[in-house]
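Step one of this worksheet: look at the structure below.
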Amino acid sequence: MQSYTFFPYLCTQSKPEMIDSSILQGKKAAFFTLGCKLNFAETSTVAQELMRYGVTKAQRGEVADICIVNTCSVTEVADHKCRQAIHRLVKQHPGAFVMVTGCYAQLKPQEISETPGVDLVLGSEQKANIIPAILNGMTNTPIGSLPIEGEMFAEQKGAWPFFGACSRGDRTRYFLKVQDGCNYYCTYCTIPIARGKSRNGSIASLVKQAEQVAQEGGKEIVITGVNIGDFGRSTGETFFDLVKALDQVEGIERYRISSIEPNLLTDEIIEFCAGSKRFMPHFHVPLQSGCDEVLKLMHRRYDTALFRHKMEKIREVMPDAFIGVDVIVGTRGETAEYFQKAYDFMESIDVSQYHVFSYSERPGTKALEIPHVVTPQEKHERSQRVLALSAQKTHDFYARFIGTTRPVLLEHSSPRKPFMNGFTDNYIRVEVPNMPDKDNQIVQVKLGAFNKEGDALIGEIVS
């Protein structure tokens, strides 16, 4: 007897369509995700949904019936990796139904649709339709007006739906997607085109998801999104309202706030996190450039004075906080003089780590109108200088805590390794002897010397 499920089409059809879901029973699926934590959370959520219909994850060496590629398009290198991944999956899983989604699919759907072996291309605004789209494609049922033409993806036709996601994947930490899209239109960035305008879930729905994580035994949630500080455009709420509501969820012991714009990281939020037992002393704030002239060319909404104030505010109320910072080197207009100003600023502020990105030309962005192009060799040299600065700052930050005792959430152990990893409350990576019974447990650890690789401290569990 066939089983049927109703799937509403949020963007493609005005009426639900009855689709036979029994075709998914017993199928194996392979997943490949590139890019940000948001993409990984979304892929994991799709995988969990497919499991409800009898789909299992293909193991290493098995040929999958369904392949899902969730793509990134932040740089040309990311585009290239996406193309490589698609070709590799098509080759490894002959005859599989191959679906490509994500930012690269949103920006260049025609290019992907012409790739041999690809059966379906869904842009970012169609992620809520992945399951019914796969069913339609596998049963050769027409999917209505799902577009692959570039014009449809180049401009927004009405509001995009918010596709919620909360997942753990293979890690101890859960990732809770609270917001998607961006209204900022920085000159170097394609995110508003690739992911649409800023939108979010309701606080009530997100609190329910956090409560579900607690019921599953989850200890730590990373709050993620494209521009999470802009939370509330869909619901009239604020990010600070969300932080306060999540702080009340029993069972969750740790929250971390992923990347938040400095102009949206209010002193109010910083002070609340400093007084909270659940929000960790850990921030990730994009700077992009430490030169005010370049920030103006980028159309960023702050200057270095505001950024310095935010860093000093964090240090004032949370001296032990880990502060990660995103920077872009080699953008159009970044002269040697401007880069030196940016470097001097980055050297002067008390942060823990720089995440360094080399500027990549993106079609359709305003940055292409800016004169002065930085050569690839100059980009590389600048990137190496900032990476060296970052390594020193991270080393100095870790070294401050040698000999102290801090709480560490231990991650899944592997029987093949003598050590297991975990992170302190202020995001110091720690290695302790492998003890499987301590998986997903928060323990007190005395921090010792650096490991051989220099990327973690060796710890001793004291309680």
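Only the coordinates and a few stated rules stand behind these numbers; no lab work does. Because the structure is predicted, anything quoted here is derived from the model rather than measured. Every residue, glycine as well, gets a Cβ built from its backbone with ideal geometry; the counts of neighbours run over all protein chains shown.
Note on the range 208-282 and the range 297-312: Cα centroid distance 22 Å, given to the nearest whole angstrom. Against the chain, whose longest principal axis is taken from its Cα atoms, helix 336-348 shows a tilt of about 70°. Going from the residue with the fewest nearby Cβ atoms within 10 Å to the one with the most, PHE175, PHE31 rank PHE31, PHE175.
In the chain, the calculated helix contribution to ellipticity at 222 nm averages -9500 deg cm²/dmol per residue, counting -39,500 (n - 2.57) for every DSSP H run with n ≥ 4.
Sorting VAL90, VAL432 by the number of Cβ atoms found within 10 Å of their own Cβ, with the fewest placed first, yields VAL90, VAL432. Using only Cα atoms, tell me the angle between helix 304-317 and the longest principal axis of the chain; keep it within 0 to 90° and round to the nearest 10. That helix lies at roughly 70 degrees to the long axis. Geometric descriptor of the range 405-461, per residue, is 67 Å³ (volume of the convex hull of the Cα atoms). Please list, in chain and number order, the residues 5+ apart from PHE279 or on another chain whose amide H is under 5 Å from its amide H, with Hs placed from the backbone. So PHE279 has HN proximity to TYR255.
Put simply, the convex hull of the Cα atoms in the chain casts, on average, a shadow of 23.0 nm².
With contacts taken as Cα pairs under 8 Å at a separation of at least 6 residues, the chain carries a relative contact order of 9 percent. Each Lys or Arg adds one and each Asp or Glu takes one away; over the other residues whose Cβ falls under 12 Å from the Cβ of ASP180, this sums to +3.
At each listed q (0.10, 0.18 Å⁻¹), what is the log10 of I(q)/I(0) that the Debye formula gives for the range 165-399 modelled as equal alpha-carbon point scatterers? For the range 165-399, the Cα-only Debye profile gives -0.50, -1.39. Of all beta bridges that DSSP places with both ends in the chain, some 40 percent have antiparallel geometry. Taking a point 7 Å out from the Cα of GLU378 in the direction of its Cβ, the residues of the range 309-345 whose backbone N falls within less than 15 Å of it are 329-343.
The angle between the Cα long axis of helix 203-215 and the longest principal axis of the Cα atoms of the chain comes to about 80 degrees, rounded to the nearest 10.
Taking the alpha carbon gyration tensor of the range 219-288, multiplying each eigenvalue by 5 and rooting it gives semi-axes of 18, 14, 11 Å, largest first.
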